[in-house]
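The block underneath contains the structure these notes are about, expressed in structure tokens.
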Protein chains: 2
Amino acid sequence: MAKQNAFYAQSGGVTAVINASACGVIETARKNNDQIGTVYAGRNGILGALTEELIDTSSISDEEVQQLRHTPGGAFGSCRYKLKDIETHRTQYERLIEVFKAHDIGYFFYNGGNDSADTCLKVAQLAESMNYPLKAVHIPKTVDNDLPVTDNCPGFGSVAKYIAVSTREAAMDIASMSATSTKVFILEVMGRHAGWIAGAGGLAGQKEGEAPHLIIFPEIPFDRATVMARVDDCVKKYGYCVIVISEGARYADGTFLADAGTTDAFGHKQLGGVAPTLAGMVKQDLGYKYHWAVADYLQRSARHLASATDVAQAYAVGEAGVRLALEGKNSVMPTIVRASETPYKWEIGEACLSDIANVEKFMPRDYITPDGFGISQAGRDYLEPLIQGEDYPPYEGGMPRYVELKHQLAEKKLPDFQP
Amino acid sequence: MAKQNAFYAQSGGVTAVINASACGVIETARKNNDQIGTVYAGRNGILGALTEELIDTSSISDEEVQQLRHTPGGAFGSCRYKLKDIETHRTQYERLIEVFKAHDIGYFFYNGGNDSADTCLKVAQLAESMNYPLKAVHIPKTVDNDLPVTDNCPGFGSVAKYIAVSTREAAMDIASMSATSTKVFILEVMGRHAGWIAGAGGLAGQKEGEAPHLIIFPEIPFDRATVMARVDDCVKKYGYCVIVISEGARYADGTFLADAGTTDAFGHKQLGGVAPTLAGMVKQDLGYKYHWAVADYLQRSARHLASATDVAQAYAVGEAGVRLALEGKNSVMPTIVRASETPYKWEIGEACLSDIANVEKFMPRDYITPDGFGISQAGRDYLEPLIQGEDYPPYEGGMPRYVELKHQLAEKKLPDFQP
């Protein structure tokens, strides 16, 4: 097979470890420079391919590439630009192939979640229909942990660790204060459809009575009276109550808490935040003093508290993506396979993109306790291995030393294109 | 001097390192067991003295005491119970002395901020007027960093590090996403009156254009039009805008942002959160997509990211408190003295409580840039040393191993008392 160039792009919300996957891709490509020429990275994700803004990663030193392993955010820029079906967006798909052709790109590595798996598959299909030889490999990444087939998704383990640790620390705070002050603490976490991140909060406690006392999952319909009764019981029994709530918490009819009846009382719904909404209910129904926190971007960019397991897996899927492409695989995604539960062992497998694209994996009901407010032993057994190990970035002057890459663009060869 | 017992209590909002001060007190007392008998800790702070709920720390092993150094929260419980002037609360003050007398307590170590410095002073005065021999020493602690005389306050350095690191990490996230998605990120931080914590966010960036692009201090009156113009400029110039805002941000007339005109539009004011309020303004005036985070308890309990300097200082003031008492000092507080700026060196000094009580130290105007939206070089020079060094807790199974103490109470000797 003649030597060809590669294209790599980051897609959707970034994670604390997506750059570790980029590191895996670039380092492995460099080791195989007899088969792979230049790795181009899309500036701001797939947009960069459409606009022909290709970052020439050969200008990045080996040392800088290595530093990607401990750098959060998306080093090349990501985007929320979604390519729809080929009929609607045929011009865009064709443009991608044109750009690939112009830069002799034979390998397409797309690093993202559900949407990008779908895009990756469609690009592969179009290339095939146009007789353009392309190996398209999707590299999994999502804090939401909702990709099917793979046991878990790179990016999730670090958020899980951050939420578990933060919940435990905040719980120790409120435990100290509750005699005379705050009785209820609410932490809002990401995960609009799937409750994996909320579930990870459950790792903060182990024994009866330990925080979090309630987890509110998007998978379990929210019933105000039931929740408030539980909060009240908890305050009476333990002196305080710690709640981890998913931003996607919703009523039985599917409306989100932050968008529902409470909107009038608590303001413009875009301002939402389910934590203040729930805090309002606590105040109104129970009268307890509360505090609430919304972690937002902090949770998914907290490289300072990354899970070593997650970092290793993120690197491994990047590395495996290149290996699969070099083996001639197309329309595939490296997966993480749980080879053993105790002790936890994982290895890399592979899946067809047609089994991945547009399928969302929710928390199985049996990972949630029967009452709907906690994680079961099965849930704990699943989650616990993913937060194992610490992988601290280097520090300088009290701050983590993260790498910032210069975006050296390859010369354009095509006319401008308006995506 | 005959051997006497000691009483230690934690007061007000806890910090990531207040237990390091407790560790300093108890370890130093144990080293001086020829002069100090039992160290009793107030269960839930000073309340424990009033109710005679004295935790007998001699039941705590040396190893557990050592673990306090890396454990957040308040290990003995804290409280927001404030003793007012002696006239109003004479019964309470007298009760304290009674309890001290009943348990042969000759040393009083009170670990807190402004209010507790005042209480400590009053207890010393009352003891003197009652001819009860007591050495009362205040041990500084406050994330707000607003105590006078001392160069800085234990607890602050770790919050400062947390906010600086979190701001940098979140900024890397939004930088990756801004081309097609979020343009404005807002992080709300603590500090209702003084902008020290907000200022620490400024350590996230160093060069022109680096986040945070705006810091909103409580010391600088908030003007919506000016702020919105800056945000808009920033988005146009850099592609995105990161804002760190103090929960105490206020208008020129003194009303808090979250309590002001915006209240009607955005709901019940207790639900506040200045971040969503500011986000609402961004949406309304500029139409940019935003994200916001409220760190709340997470920032002051984040022992996983403590500043090693802060931990060392917290321990040192605990140790020094005992030393001062043993030297016969009364109504004093150990302080942190900046012995040298470059390289940063600190040592322990002492101050009279009458110079500390009820005085709040704000950010000096010259620590803030002339435009009011950033930290000056003088501010940076002051703040930077305080976040130096990492002091990680030990981990087990992916989670920090924090100690949880059993509260073994000393036998009561007095009739019940209703505080």
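The values are calculated or read from the model by the stated rules, or taken from the named source; none is laboratory data. This one's a predicted model, so the numbers in the text were calculated from it and none came from an experiment. FYI the Cβ positions are ideal-geometry reconstructions off the backbone, even for glycines, and counts take in every protein chain you see. The accessibility values were calculated without ligands, DNA or RNA, using every heavy atom of the protein model including side chains. Shrake-Rupley method; radii C 1.70, N 1.55, O 1.52, S 1.80 Å.
Return the residue satisfying two criteria in turn: it lies in region A:318-336 and is open to solvent by less than 10 Å² (accessible area, probe 1.4 Å), in a helix (DSSP H, G or I) and touching a Ser or Thr at 6+ places or on another chain (Cβ under 6 Å), and of such residues it is nearest to A:Gln4 (Cα to Cα). For region A:318-336, the residue satisfying everything is A:Val322.
Look at A:Pro415 and say whether it is within 14 Å of chain B (Cβ to nearest Cβ) and at negative phi. So A:Pro415 does not fit the description; no.
Would you point out the residue of region B:360-377, among those that are of a type outside the set (S, T, N, Q) and open to solvent by less than 40 Å² (accessible area, probe 1.4 Å), that is farthest from A:Tyr395 (Cα to Cα)?
B:Gly372
Checking the structure you have, find out if any residue of region B:227-235 is modelled with pLDDT of 95 or more and not in a helix (DSSP H, G or I). Within region B:227-235, none of the residues are modelled with pLDDT of 95 or more and not in a helix (DSSP H, G or I).
Assessment of region B:184-203 against the conditions (basic (Lys, Arg) and either modelled with pLDDT under 95 or within 24 Å of B:Asn330 (Cα to Cα) (or both)) yields at least one matching residue.
Annotation note: Cβ proximity below 8 Å between a residue of region A:333-355 that is among the polar types (S, T, N, Q) and a residue that is open to solvent by 60 Å² or more (accessible area, probe 1.4 Å) and modelled with pLDDT of 95 or more (sequence gap 6+ or interchain) occurs for A:Thr335/A:Val149; A:Thr335/A:Glu350.
The rows are residues; the columns are (1) over 25 Å from B:Asn145 (Cα atoms); (2) within 14 Å of chain A (Cβ to nearest Cβ); (3) surrounded by fewer than 18 Cβ atoms within 10 Å (Cβ to Cβ).
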position: B:Ala200; (1), (2), (3): no, yes, no
position: B:Ala204; (1), (2), (3): no, yes, no
position: B:Phe217; (1), (2), (3): no, no, no
position: B:Pro221; (1), (2), (3): no, no, yes
position: B:Lys237; (1), (2), (3): yes, no, yes
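Is it the case, given these coordinates, that A:Ala260 is at pLDDT below 95, at negative phi, away from chain B (no Cβ under 12 Å) and more than 20 Å from the chain's Cα centre (by Cα)? Here the answer is yes, as A:Ala260 does meet what is asked.
Of the residues A:Gln284, A:Gln299, the single one that is of a type outside the set (Gly, Ala, Ser), within 14 Å of chain B (Cβ to nearest Cβ), part of a helix (DSSP H, G or I) and surrounded by fewer than 24 Cβ atoms within 10 Å (Cβ to Cβ) is A:Gln284.
Among the residues making up region A:176-210, those that are closer than 30 Å to B:Ala41 by Cα and part of a loop (DSSP other than H, G, I, E, B) are A:Ser178, A:Ala179, A:Thr180, A:Ser181, A:Thr182, A:Lys183, A:Gly205, A:Gln206, A:Lys207, A:Glu208, A:Gly209, A:Glu210.
Here B:Asn44 passes the criteria (1) within 14 Å of another protein chain (Cβ to nearest Cβ); (2) closer than 19 Å to B:Asp104 by Cβ except the one numbered (2). Checking each residue in region B:150-187 for being more than 16 Å from the chain's Cα centre (by Cα) and more than 7 Å from every other protein chain (Cβ to nearest Cβ) picks out B:Thr167, B:Ala171, B:Ser178, B:Thr182, B:Lys183, B:Val184, B:Ile186, B:Leu187.
Answer yes or no as to whether A:Ser166 is part of a helix (DSSP H, G or I), modelled with pLDDT of 95 or more and open to solvent by less than 10 Å² (accessible area, probe 1.4 Å). Taking the combined requirement at face value, the residue satisfies it. Pairing each residue of region A:220-234 that is farther than 20 Å from A:Met363 by Cα with any residue that is modelled with pLDDT of 95 or more and among the charged types (D, E, K, R), provided the two are 6+ apart or on different chains, yields C-beta distances under 6 Å for A:Met228/A:Asp285. Could we say that B:Ala9 is small (Gly, Ala, Ser) and surrounded by fewer than 22 Cβ atoms within 10 Å (Cβ to Cβ) here? No; evaluated as a whole, the condition is false for this residue.
Only one entry in A:Asp115, A:Asp173, A:Asp144 is among the acidic types (Asp, Glu) and out of contact with any His (no Cβ under 9 Å at 6 or more places or on another chain), namely A:Asp115. When the test is whether a residue is free of Cβ contacts under 8 Å to residues at least 24 places away in the same chain, open to solvent by 10 Å² or more (accessible area, probe 1.4 Å), more than 30 Å from A:Met172 (Cβ to Cβ) and within 14 Å of chain A (Cβ to nearest Cβ), B:Lys289 does not pass it. Please specify each residue of region B:397-407 satisfying the condition of being more than 10 Å from chain A (Cβ to nearest Cβ) and open to solvent by 30 Å² or more (accessible area, probe 1.4 Å). Scanning region B:397-407 gives B:Arg401, B:Lys406, B:His407.
Look at A:Ala357 and say whether it is open to solvent by less than 30 Å² (accessible area, probe 1.4 Å), modelled with pLDDT under 95 and more than 23 Å from A:Val244 (Cα to Cα). Yes, satisfied. Strands (runs of 3 or more DSSP E) fully within region A:28-143 that include at least 1 residues being open to solvent by 40 Å² or more (accessible area, probe 1.4 Å): A:135-140.
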